[in-house]
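Student: Structure provided below as structure tokens; questions to follow.
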Amino acid sequence: MTTTKTSHHNGSSRTLPAKGVDWLHNPIFNKGTAFTEAERDALGLRGLLPPHVQTMDEQVDRVMANFRAKTSDIERYIQLVGLQDRNETLFYRVVMDHLEEMMPIIYTPTVGKACQEFGHIFRRSRGMYVSLKDRGNIAKVLANWPTHDVKVIVVTDGERILGLGDLGASGMGIPVGKLSLYTACAGINPNQCLPITVDVGTNNEAFLKDPLYIGLHQKRIAGAEFDSFIEEFIVAVQQVFPGVLLQFEDFGNSNAFRLLEKYRDRLCTFNDDIQGTGSVALAGVLSALRLTGGKMSDHRVLFLGAGEAGMGIADNIVAVLLEEGLTKAEARQRIWFVDSKGLIVKGREGLVEHKLNYAHDHAPCADLLSAVKAIKPTMLIGVSGQPRTFTEEIVKTVGSYNKRPVIFALSNPTSKAECTAEEAYKWTDGRAIFASGSPFAPVTLNGQTHVPGQGNNAYIFPGVGLGVVSTGARRVTDAMFVAAAKALASLLREDELAEGRIYPSLKRIHEVSLKIAVAVAEEVYASKLNTLPRPADLPAHIQAQMYKPEYTAYAP
Ligand code: NAD
């Protein structure tokens, strides 16, 4: 083999390894024990592998047996990351075949624990770190990535990792995990995905004192200094990877809203914590309407938490209310927020801009219980990152006003949920329509089994990404996220609804992602944001682009 040969690997091209041993040490090309006899001869692998040639199915069985024998989820996480670093195709085959079992490991809740321990469990670097040391040179640093054929970047500055706060550069587990889901759920080619952490310091005191912390041991920069660093990063991304889809992830909310507003009309970008969450929660709300009956305008929604997630969800609900014929003011009037200082009402001192839209004329209420009693919500949505804040009294009070109270406890990870699935069902005698951010097991109450919904953003962003990439969209719009939510809700079957589900089973994620991609693509064409021509058969065209975790044959 020569160094200059390239392979079209599932739609992306990469230089083939030079020598036998390089094939084994390159996770994109490595097949481990599954290299065939002919490949072992052709690629110089004789003697470098045990003699028995295995099928991919046998390799999957071995991985799963090891996975299930582990005694903790963090060990399972480490095992999977190791596999991803050795043999990417096998990693995706395992994850795609066992998505329900894998999702809580490669994503929330285990990924949160992995980020908290990142420096201590660190094995091998994945993705890119762009730090303050790179100021003035960011484009040069990005050019070090081995390919410029990148379609999706997920970037974090680690300031608000899940509901766990500032984890600095250790937040890298999140972009890595999210991009794995782009591939596993929607077949975005893993070789066209790039996780990036911008290290702008951390205010996590424990990390700053920890010699094993992987990031810069300095406090976060802020204000104009932060903005100019991000500006250089954005310009560099556009220069090195023109047309790429850039997803902002787990930035603190003091920056997230501003960055989204600043960049959404300059490049193809979105913020998953705001828009992705808004979309997946809207899908849950639309499904819940099938159980409660009535229209969205018959409902009053009360949020606990007025940050990125809450605002994203509220704005999407407003979009649906506008379609029902309400004015913006009438729509917003149906949505209320409680934050750490109580009910958000007009005239409250120091309200930041994103909260002002939902500050209504009302007497102040100091806490959630008094707000519940005053507003009498039909839907209670928790996005506060504050565990156990939906107390028995609060849930029972919401239950007393509604035949089917909608209770979403969306804070992640599981330890931060506002209440558990069991509590929500128990305190409402099984009447609650419940969803959480991290998964809860089904609950059996008085002989009836309720399947809690998981408002997992992974239902939405991979499909949106696929729709954007396959059309070469120039921008990502709110309308695309509303279209995605409607597509997701429309896929929920009657038999799933009867079990209390408000999201389709994760087993259907490929079908779901494809339908969402098609709905998003239709929106891209309708708004003339595409750079690629519309194909004759859109679903077939998009489906054909989806990555499959299959080994490529390399023998001549
Ligand atoms: P954020 O930091 O932007 O907002 C948190 C909000 O909670 C702020 O408005 C803050 O004032 C409020 N808050 C803090 N303490 C409070 C208290 N004691 N009482 C009332 N309000 C309080 O964070 P975010 O991005 O909006 O995320 C919030 C939570 O939602 C996180 O736990 C996150 O994991 C979760 N989330 C879930 C999903 C999902 O389920 N799909 C998606 C995104 C975020």
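Student: What is the distance, in nm, between label points placed 7 Å from the Cα along the Cα-to-Cβ direction at Gln333 and at Glu101?
Tutor: 5.4
Student: Report the one residue of Ala519, Phe390, Gly47 whose Cα lies farthest in the direction of the positive end of the charge dipole of the chain (charges on C-beta: Lys and Arg +1, Asp and Glu -1; origin at the Cα centre).
Tutor: The one lying farthest along the dipole's positive direction is Ala519.
Student: Roughly how many debye, to the nearest 20, is the charge dipole of the chain about its Cα centre, given +1 on each Lys and Arg Cβ, -1 on each Asp and Glu Cβ, and no other charges?
Tutor: The dipole magnitude comes to about 240 debye.
Student: Rounded to the nearest 0.05, what FRET efficiency do Leu532 and Arg258 give with R0 = 30 Å and r taken as the Cβ-Cβ distance? Could you check?
Tutor: 0.45
Student: With 10 angstrom as the radius, rank Asp85, Asp495, Asp199, Asp272 by how many other C-beta atoms surround their C-beta, starting from the fewest.
Tutor: Arranged by neighbour count, lowest to highest, Asp85, Asp495, Asp199, Asp272 become Asp495, Asp85, Asp199, Asp272.
Student: Right, another one. At a Förster distance of 41 Å, what's the computed FRET efficiency of Ala65 paired with His148, Cβ-Cβ distance as r, to 0.05?
Tutor: 0.55
Student: Over the chain, what is the mean sequence separation of C-alpha contacts under 8 Å (at least six apart), divided by residue count, expressed as relative contact order in percent?
Tutor: With pairs under 8 Å counted, the relative contact order is 13 percent.
Student: Normalised radius of gyration for the chain, please: alpha carbon Rg relative to 2.2 N^0.38 Å, two decimal places.
Tutor: 0.98
Student: A follow-up question, please. Within the set Lys403/Lys426; Lys295/Lys396; Lys31/Lys178; Lys151/Lys178, which residue pairs have Cα atoms separated by over 20 Å?
Tutor: Exceeds cut-off: Lys295/Lys396; Lys31/Lys178.
Student: Considering the convex hull of the alpha carbon atoms of region 98-252, report its projected area averaged over all viewing directions, in nm², one decimal.
Tutor: Reported value for the Cα convex hull: 8.9 nm².
Student: Let me ask something else about it. Give me the aspartates and glutamates in straight-line cross-link reach of Lys355: C-alpha distance below 12 Å, same-chain residues under 8 apart excluded.
Tutor: Leaving aside aspartates and glutamates fewer than 8 places away in the same chain, those within reach of Lys355 are Glu308, Asp315, Asp339.
Student: Filter the GluC sites (Glu not before Pro) in region 392-437 down to the DSSP loop ones having no more than 12 other Cβ atoms within 10 Å, then list what survives.
Tutor: none
Student: Report the Cα centroid-to-centroid distance between region 494-530 and region 403-420 in angstrom, as an integer.
Tutor: Using only Cα atoms, the two centres lie 23 Å from each other.
Student: What trypsin sites (Lys or Arg not before Pro) does region 338-424 have in DSSP loop regions with at most 12 other beta carbons within 10 Å?
Tutor: Listed in order of number, the matching sites are Lys346, Lys403.
Student: Could you work out [θ]222 nm for the chain from helices alone, using -39500 (n - 2.57) per DSSP H run of at least four and dividing by all its residues? Round to the nearest 500 deg cm²/dmol.
Tutor: The helix-only estimate for the chain comes to -12500 deg cm²/dmol at 222 nm.
Student: If each residue of separation counts as 0.36 nm, what is the full-extension length gain between Arg290 and Arg493 once their alpha-carbon separation is subtracted?
Tutor: 72.0 nm
Student: Let me ask another. For region 444-556, what does the alpha-carbon gyration tensor say about shape, rounded, prolate or oblate, given a ≥ b ≥ c as the root eigenvalues, a/c under 1.5 as rounded, and a/b over b/c as prolate?
Tutor: Because a/c hits 1.5 or more and a/b fails to exceed b/c, region 444-556 counts as oblate.
Student: Under a crude label model (7 Å from the Cα following the beta-carbon direction), how far is Lys5 from Phe122 in nanometres?
Tutor: Modelled inter-label distance: 3.7 nm.
Student: For the chain, what is the percent of antiparallel DSSP beta bridges, rounded to the nearest 5?
Tutor: In the chain, DSSP labels about 20 percent of beta bridges as antiparallel.
Student: Could you work out how far apart the two model spin labels at Lys346 and Lys209 are, taking each label as a point 7 Å from the Cα in the direction of the beta carbon, and quote it in nm?
Tutor: 4.9
Student: In sequence order, what are the phi-derived ³J(HN,Hα) couplings for region 103-118 according to the Karplus relation 6.51 cos²θ - 1.76 cosθ + 1.60 with θ = phi - 60°, rounded to whole Hz, with x for glycine and proline?
Tutor: 3, x, 9, 7, 10, 5, x, 5, 4, x, 5, 4, 5, 4, 10, 3
Student: Towards the positive end of the charge dipole of region 62-188, with charges on Cβ (+1 Lys, Arg; -1 Asp, Glu), say which of Val155, Gly187, Asn144 has the farthest Cα.
Tutor: It is Asn144, whose Cα lies furthest towards the positive end.
Student: Quick check: residue separation of Glu393 and Asp361 times 0.36 nm, minus the Cα distance between them. What number comes out in nm?
Tutor: That pair, Glu393 and Asp361, stretches by 8.9 nm at full extension.
Where a number appears in this text, it was derived from the coordinates with a stated rule and is not lab data. For clarity, every value in this text was computed on a predicted model and none was experimentally measured. Counting neighbours? That spans all protein chains shown, and the Cβs are built from the backbone with ideal geometry, glycine included.
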